[in-house]
Amino acid sequence: MAPTDAGQKDHCTRCGDCCRSATPSLHLQDLPLLAQGILPRNGLYTVRKGEAVWDNIENRIAVADREMIKVRGKDGGPCCMFYDQGESSCRIYARRPAQCSAMNCWDPSGFLDVHRRPKLERVHILPPGAAAALAAEHERRCSYRELENLVQRIPEGGEGPLQEILKMLRFDFHLRPLASERLGMDLLEMDLLFGRPLIRTIRRFGLQVIQESDTFILTPLAPPREGTTAWPS
């Protein structure tokens with residue numbers, strides 16, 4: 001969801017560009033939409049601090065300087081899961097998130113005003129208990145700050161940093177189905193609880209994971225083709 005060239009339009013033509021190009025991040029004022037089930041938890045994911053994310057203000061890939069919660073895209077792509085392509089409409093239009101309500105592509109001022117307001121974070125929606133404790137433990141053991149530190153140590157650190165990274169990747173990977181079962185939560189909700197899987201987001205650091213059964217192999221990421229980007233995944 002990014003403001004477009006204000007000189008091209010002066011009203012909504014239902015072109016769908018804003019819905020197809022990105023999904024909204026959520027704000028504190030969107031909490032009622034979660035409480036009422038308008039935004040299901042399995043339709044959301046957390047972008048953790050230090051993770052690669054598309055900056056829909058600057059229209060570029062950036063590193064998140066704070067946590068945020070976003071609506072999922074369709075099939076892992078940028079198109080919002082609530083966008084009905086056949087009808088060129090939003091399936092929750094009357095109860096859409098604050099960023100969507102403020103979006104006027106011909107005048108980005110309203111969107112920018114909402115964008116500056118406090119973002120929704122996991123602490124706002126996870127009550128004290130097992131789920132919140134697991135999310136905190138995961139953050140302690142799998143922070144992007146520590147992952148970046150390990151990646152920077154690879155050139156002179158030999159196998160040590162690589163093994164620590166693989167240990168982190170395995171913990172993140174195996175925790176998700178286990179937590180889903182133990183907490184009685186949809187497996188899709190694990191992306192809200194723990195953020196997106198590290199085996200995908202590690203691409204930010206120029207690395208990729210090749211998975212062979214239960215074995216992870218860490219290799220350099222191939223250079224992106226011309227006109228494409230290597231991350232976010």
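The values are calculated or read from the model by the stated rules, or taken from the named source; none is laboratory data. Just so we're clear, the structure is a prediction, and the values are computed from it rather than from any experiment. When we count neighbours, we look across all protein chains shown, and the Cβ atoms used for this are built from the backbone with ideal geometry, even at glycine. SASA here: full protein model, heavy atoms, side chains in, ligands and nucleic acids out. Shrake-Rupley method; radii C 1.70, N 1.55, O 1.52, S 1.80 Å.
Annotation: per residue accessible area for region 27-183 equals 53 Å², rounded to a whole number [probe 1.4 Å, protein chains only].
Take Asp107: with every protein chain present and a 1.4 Å probe, its accessible area is about 70 Å². Label separation (Gln85 vs Leu187): 2.5 nm, computed from points 7 Å beyond Cα along the C-beta direction. Here the 3J(HN,Hα) profile of region 102-116, calculated from phi with Karplus coefficients 6.51, -1.76 and 1.60 at θ = phi - 60°, is 8, 6, 10, 5, 7, 8, x, 4, x, 4, 5, 5, 5, 4, 7 Hz, Gly and Pro shown as x.
For the chain, a Gaussian network of Cα nodes joined below 10 Å ranks Met68, Met185, Met81 by mean-square fluctuation, and the top entry is Met185.
Exposed loop sites here mean GluC sites (Glu not before Pro) with a DSSP loop assignment and at most 15 other beta-carbon atoms within 10 Å; the chain contains its longest site-free run at 88-225.
For the residues Ala222, Ala135, Ala22, a GNM of the chain with alpha-carbon springs under 10 Å puts the largest fluctuation on Ala222. Helical runs (DSSP H, four residues minimum) scored at -39500 (n - 2.57) apiece and divided by the length of the chain put the mean residue ellipticity at 222 nm at -10000 deg cm²/dmol. Based on Cα atoms of region 1-151, Rg over Rh with Rh as the Kirkwood radius reads 0.99. Under a 5 Å amide H cut-off, with hydrogens placed 1.01 Å from N, Ser89 pairs with Asp84 among residues at least 5 apart or on other chains.
In loop segments of region 98-186 as defined by DSSP, the trypsin sites (Lys or Arg not before Pro) with at most 13 further C-beta atoms inside 10 Å of their C-beta are Arg116. Taking every lysine pair in the chain that is 8 or more places apart or spans two chains, those with Cα atoms closer than 30 Å amount to 10.
Taking amide H atoms as placed 1.01 Å from N in the peptide plane, the amide H of Arg196 lies under 5 Å from those of Thr46, Arg48, each 5 or more residues away in sequence or on another chain. Helix 144-157 and the longest principal axis of the Cα set of the chain meet at an angle near 40°. Please label the shape of region 92-230 as rounded, prolate or oblate, based on the square roots a ≥ b ≥ c of the eigenvalues of the alpha-carbon gyration tensor (a/c under 1.5 means rounded; beyond that, a/b larger than b/c means prolate, else oblate). Because a/c hits 1.5 or more and a/b fails to exceed b/c, region 92-230 counts as oblate.
Rounded to the nearest 10 degrees, the inclination of helix 130-141 to the longest alpha-carbon principal axis of the chain is 60 degrees.
For region 94-167, a Kirkwood radius taken over Cα pairs fed into Stokes-Einstein (4 °C, viscosity 1.567 mPa s) yields D = 80 µm²/s.
Expressed as a whole percent, the accessible surface of the chain that belongs to carbon and sulfur atoms is 52, based on a 1.4 Å probe. So how far, in whole Å, is the C-alpha centre of region 83-114 from the one of region 129-178? Comparing the Cα centres of region 83-114 and region 129-178, I get a distance of 36 Å.
For region 50-94, the Kirkwood radius over C-alpha pairs fed into Stokes-Einstein at 37 °C and 0.692 mPa s yields D = 267 µm² per second. Segment Glu212..Ser101, full-extension length gain: 35.5 nm, with 0.36 nm per residue of separation and the alpha-carbon distance subtracted.
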